[in-house]
Structures are given as C-alpha cells and as structure tokens.
Amino acid sequence: MTMKPTNTFLIALSLAVALGAQAANEAKPAPKAEGKARKEQPFTPGGKWRAHDMKRPLPRVVDPGDADAHMMPSPPPSDAIILFDGKDLSKWFRTPRKDDPDKSDAPKWKIENGCMEIVPRSGSLTTKEKFGSCQLHVEWATPAEVKGDGQGRGNSGFFIVGHPEIQVLDSCGNKTYADGSAAALYGQYPPLVNVSRKPGEWQTYNVIYEAPRLEGDKVVKPAYYTVIHNGVLVHNHVEVPGNAVECPISLQDHLNPVRYRNIWLRPLKGYDEP
C-alpha cells in the first residue's frame, strides 16, 4: 500500500532543501573584486589637484625660438664646477637597480660624441660631491626615434637629491598628466608652459636651487627652485619640500636611452662674499 506524503512531511522536506541550498551558497568563495583599487594620490600644493590627475590642464605650448643655437653645447662660465665634460664619468657613481645582481657602483652609461647615454636597466647616476645653493646647467635629448607614449616616452629625471625631481620627458605632442610632463616638478607642479623641442633635439635646463635654512632640525626657511627650460621661465621661485641643505645631483635611469651633456654648476654666494 502506497502512503501519501502528509503536509508535515512536505514542509519538512522543503525546509531541508532550502537549508541545504543556503549552506552550499555560504561555502562558495566570495567573488573576486574586478581589478585592484588604485591608491588615491595626495593633493599637490594648493590643494586643488591630486598628483597625476589627467584632468589637470596641460601647460600651453610655446615655441622657445632660437632653433639652431641648441645644437652646440653652451660653454660654461669660468667659475663653474664641471660635472660632465663629455669625456668620462669620474665624478659620478652608480646606484644599481634592485633586480641587478651586480651591486658595484661603477657607472655603466655609454659615452659617445661628447654625451652620456642611459643604458637601460644599468642604474641611475649620482655625483660623488654634494652642493648647497647653486646655479645648475644640464643639456639633454630624448631619443630621435619615438617609442612608447605618456610616461614611457623619453623618460628620465634630474634630481637635486632630497628635493623634488625635475622631470625629463619627450613632451612634444605627447599627452600625459600635467605634473609629469617635461620640466614639471614631478607630482608637485606642471611647468608654466610647454617649451619642449622635437624628439632627438637638445634641450636645456637652468636651475637656481636655494637651499633651506635650518635651526637644529627645524626648517626656518624652505628650499626654492627657479627653472628655465630652453631659455623660458617655467618655475618662478617655487617653494619645494625637503630639508636637505647640501645635496648630490642625480640622473635617473627610467629604461629609456636619454642622452645628457654639458653638466655644470656654480655655487651661489651673497653679494659681499669673496
């Protein structure tokens, strides 16, 4: 004799099925988030824009003029300290990359035709000597053959170590975030205007670095940069972070074969100092 299931039995069966399904769902791993959340960047000075904000207006393009003068190195003044004269790297040491098994400090950049060229992945270069307030001069050129875009195109950097990087980049028709373009104080300020020359052409930075003044560990007068790119003022006595007073100069290996030449500086003294 076949027994008909009672209402109580059917209710119990439905409840068991529902509980089983719930347990199975709880045992499943949570779905993975689609992509890693990008870390929010800090605000740049002034508090309006975050660092590397692609919505920040790009500097307007200005022709620096004097199209032929940049082809030859600018002779240094008689009181300049020569950091690179096109012959050797005796005033520099190498900082190896973390993935480089060779930890020696001997520079590996190529010297050719009076300039030094970055050998990608060979490490950055830093001066053996440190300097206080000074006038700095450096000439540089990104590769004539354009490869990559944005930050991957002719990227290097010019550092007064302990203070913001002055960006080296091919910014001729190359869109990137404003505070990462050529002559930007990286992650701080874009240049006032974009006076970049064409890829492969020589460009010039003249930088006035005013060292901070300290009383003990307290900064009583901040550091300042004034930067002239290809003869055009792009940063005018801008306060910059950092409490380093005497600093080495550094050139960054950012995996692109950027060239440098004619690097010199003049220590700055007061009006009545001998």
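The values are calculated or read from the model by the stated rules, or taken from the named source; none is laboratory data. All values reported here derive from a predicted model rather than from experimental measurement. Heads up, the Cβs are rebuilt from the backbone with ideal geometry, glycines too, and the neighbour counts pull from every protein chain shown.
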#### Entry: Residue among Ser104, Ser74, Ser90 that alone is part of a loop (DSSP other than H, G, I, E, B) and within 17 Å of His229 (Cα to Cα)
Ser74
### Summary
Output for Cβ contacts, cut-off 9 Å, separation at least six or different chains, first residue closer than 20 Å to Asp63 by Cβ and touching a residue at least 60 places away in the same chain (Cβ under 8 Å) in the stretch 219-236, second of a type in the set (Ser, Thr, Tyr) and surrounded by 23 or more Cβ atoms within 10 Å (Cβ to Cβ), reads His229/Ser196; Asn230/Ser196
### Query
Restricting attention to the stretch 213-230, does a residue exist that is among the small types (Gly, Ala, Ser), touching a Lys or Arg at 6+ places or on another chain (Cβ under 8 Å), under 24 Å from Gly46 (Cα atoms) and not in a loop (DSSP other than H, G, I, E, B)?
no
#### Entry: Filter result for the condition that a residue is in contact with a Gly (Cβ under 7 Å, 6 or more places away or on another chain) and either surrounded by fewer than 21 Cβ atoms within 10 Å (Cβ to Cβ) or not in a loop (DSSP other than H, G, I, E, B) (or both), over Gly162, Gly157
Gly162
### Task
Given the conditions (1) over 21 Å from Gly242 (Cα atoms); (2) among the hydrophobic types (A, V, I, L, M, F, W, C); (3) at pLDDT 95 or above; (4) surrounded by fewer than 22 Cβ atoms within 10 Å (Cβ to Cβ), report the number of the one that Val195 does not fulfil.
(4)
### Query
Filter the stretch 127-154 for residues that are of a type in the set (Val, Ile, Thr) and surrounded by 18 or more Cβ atoms within 10 Å (Cβ to Cβ); which is nearest to the chain's Cα centre (by Cα)?
Thr142
